[in-house]
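Below is one structure; the comments refer to it alone.
The values are calculated or read from the model by the stated rules, or taken from the named source; none is laboratory data. Note that this is a predicted model, so its numbers are computed, not measured. Methodologically, a virtual Cβ is constructed for each residue, glycine included, from the backbone with ideal geometry; neighbour enumeration extends over all protein chains shown.
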Ligand SMILES: *Cc1c(COP(=O)(O)O)cnc(C)c1O
C-alpha cells in the first residue's frame, strides 16, 4: 500500500480483496463437502460492504446467505437475486409482508414467532422458514419444551415449510470444550422432532471441530473475511482486509515530555512520535492506549512492516505512535497500517481487550473502501 493509493482527501483507506473472499469461501466449501457452505453477511458483510461481498460470494458458487435484520435482507436481495436469504433475528412484528416481498426466510426462534409467521402468511400457502433451537447458548432459539410443543402441533406444522433446523455453539473457538459435545447431543435429540430438509450447527470456528459438526450446512462469517477464530487450529483462509491511515506529523519529543490527553504517557528517551489520522471514531480502540510505566496492554500500528507501539491516549480522530525504532526516518504522508500484513485482526483485537470480530466490524468506517481482485 503506497500513499498514492489513498484517494486524495481521504485520511485513510480500507482495502478489501474480493478474490480472497471468494477463495476463502471455496476453501471452506471444499473442507465441509458434501455439506453446503452458506455465507453470513450481516452487518454489511462484517463492515466490508455487502454490495461488493455478496455478489463475489454468489459468483464463487454460494447459494445461501444469512443476514441479521429485514433491512439487511432487502439490501442483500438486490445483490443476490437468485440466492436463499435467511434473517437470523427472526420475525419482528409487522415485517412478514416485507420478508415475503424480498423472498427472505425468517429464522424463527420461538413458538410465538412460528404462529405469527403462519398467521401472517396463511393465505399465501406454506411459507419457508428456518427453525432456531437453543442447545445451550441461551441467546436465541426454542427451548426443548417449545420444540416438544411444536412437534405435537400437527396443525401448525402443516402450515409451515421448515427448510432448516439450526442452532448455535457457545464455545466453538475452544475445540476441547465439553460444551461443544453437550450442545451437539442436545441438537441430535431435538432435531428429529422437527420436520426439516436440512440441519446446521456450525459457524466459522464450529466447522473446524470436524465433520460431526457440519450436518447439511455450515454458516461461516468471520472466516470468509480472513478471521482466525478457532484457538489452536488454523482455518484454511487468507487475510482479506487491510486498513491504513496517513501520518500527519512527526515530532521529536524530549525525555520528560508527555504525549496526548491526560499526559498519561511520559517519554523516557529522545523519541520520534508520529501522529496518525485514525482514532476511535475510525475503529482504533481507545482501550489500545498506552500509559507510560505500564508494560501491560497497549496496541500497535505498523510502518513499513515495523511494529510501532501506540503511545498515550487514542483520541477520536488521531493516534500517536512511537516510530523511533523504525530503520529509516518516518516522514509525513507515509502510511501507518492499522490492520494488514503485519498486524492481524486477532493481534489488534487482543491488544485492545476484544476480538478480531469487533475490530473488523468497526475498522475505518469513514475511510473509503478500495476493492481488489488480486487472485483473479
Ligand atoms: C453471526 C452468526 C454466524 C456467523 O458466525 P462467525 O463466527 O462469524 O462465522 C453464524 N450463525 C449465527 C446464528 C450467527 O449469529
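Of all residues in region 74-96 being within 19 Å of residue 110 (Cβ to Cβ) and touching a strand residue (DSSP E or B) at 6+ places or on another chain (Cβ under 6 Å), which is surrounded by the fewest Cβ atoms within 10 Å (Cβ to Cβ)? Result: 88. Restricting 80, 32 to residues that are more than 28 Å from residue 145 (Cβ to Cβ), more than 13 Å from the ligand (Cβ to nearest atom) and touching a helix residue (DSSP H, G or I) at 6+ places or on another chain (Cβ under 7 Å) narrows the list to 80.
No other residue among 127, 115 is surrounded by 18 or more Cβ atoms within 10 Å (Cβ to Cβ) and farther than 25 Å from residue 221 by Cα apart from 127. Here the condition is being over 22 Å from residue 85 (Cβ atoms) and within 13 Å of the ligand (Cβ to nearest atom); of 169, 150, it holds for 169 alone. Looking for something more than 16 Å from the ligand (Cβ to nearest atom), part of a helix (DSSP H, G or I) and closer than 14 Å to residue 87 by Cα - is there at least one such residue anywhere in region 116-138? Within region 116-138 (the criterion being more than 16 Å from the ligand (Cβ to nearest atom), part of a helix (DSSP H, G or I) and closer than 14 Å to residue 87 by Cα), the answer is yes, since at least one residue qualifies. All conditions in (1) surrounded by fewer than 21 Cβ atoms within 10 Å (Cβ to Cβ); (2) on the phi > 0 side of the Ramachandran plot hold for residue 272, with the sole exception of (2). Kindly indicate whether residue 203 is more than 10 Å from the ligand (Cβ to nearest atom), modelled with pLDDT of 95 or more and either in a helix (DSSP H, G or I) or more than 27 Å from residue 159 (Cα to Cα) (or both). In short, no. Screening 23, 61, 47, 90 for residues that are within 16 Å of the ligand (Cβ to nearest atom) and under 25 Å from residue 215 (Cα atoms) leaves exactly one candidate, 90.
The condition of being within 8 Å of the ligand (Cβ to nearest atom), part of a helix (DSSP H, G or I) and either over 11 Å from the mean Cα position of the chain (by Cα) or within 23 Å of residue 45 (Cα to Cα) (or both) holds for only one of 229, 223, that being 223. Tell me which residues, restricted to region 278-313, are over 17 Å from residue 343 (Cβ atoms) and crowded, with 21+ Cβ neighbours inside 10 Å. If the condition is that a residue be over 17 Å from residue 343 (Cβ atoms) and crowded, with 21+ Cβ neighbours inside 10 Å, then 312, 313 are the ones that fit. The selection criterion, being within 16 Å of the ligand (Cβ to nearest atom), touching a residue at least 60 places away in the same chain (Cβ under 8 Å) and under 26 Å from the mean Cα position of the chain (by Cα), does not hold for residue 108.
Every test in (1) in contact with a strand residue (DSSP E or B) (Cβ under 6 Å, 6 or more places away or on another chain); (2) within 16 Å of the ligand (Cβ to nearest atom) is passed by residue 194 save one, and that test is (2). Among the residues examined, residue 43 qualifies as more than 19 Å from residue 235 (Cβ to Cβ) and surrounded by fewer than 19 Cβ atoms within 10 Å (Cβ to Cβ). Condition first: assigned to a strand (DSSP E or B), more than 9 Å from the ligand (Cβ to nearest atom) and either at pLDDT below 95 or within 26 Å of residue 115 (Cα to Cα) (or both). Can you find one or more residues in region 176-187 that meet it? Within region 176-187 (the criterion being assigned to a strand (DSSP E or B), more than 9 Å from the ligand (Cβ to nearest atom) and either at pLDDT below 95 or within 26 Å of residue 115 (Cα to Cα) (or both)), the answer is no, since none of the residues qualifies.
Per-residue answers, yes or no, for (1) farther than 15 Å from residue 232 by Cβ; (2) buried (at least 17 other Cβ atoms within 10 Å of the Cβ); (3) within 15 Å of the ligand (Cβ to nearest atom); (4) modelled with pLDDT of 95 or more:
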position: 164; (1), (2), (3), (4): yes, yes, yes, yes
position: 174; (1), (2), (3), (4): no, no, yes, no
position: 189; (1), (2), (3), (4): yes, no, no, yes
position: 199; (1), (2), (3), (4): yes, yes, yes, yes
position: 209; (1), (2), (3), (4): no, yes, yes, yes
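The number of residues in region 297-339 being modelled with pLDDT under 95, in contact with a helix residue (DSSP H, G or I) (Cβ under 7 Å, 6 or more places away or on another chain) and on the phi < 0 side of the Ramachandran plot comes to 0. Of all residues in region 307-316, those satisfying the criterion of being in contact (Cβ under 8 Å) with a residue 24 or more places away in the chain and farther than 10 Å from residue 276 by Cβ are 307, 311, 312, 313, 315, 316. Filter region 176-187 down to the residues that are in contact with a helix residue (DSSP H, G or I) (Cβ under 9 Å, 6 or more places away or on another chain) and buried (at least 18 other Cβ atoms within 10 Å of the Cβ), then identify the one that is nearest to residue 133 (Cα to Cα). Among them, the one singled out is 184.
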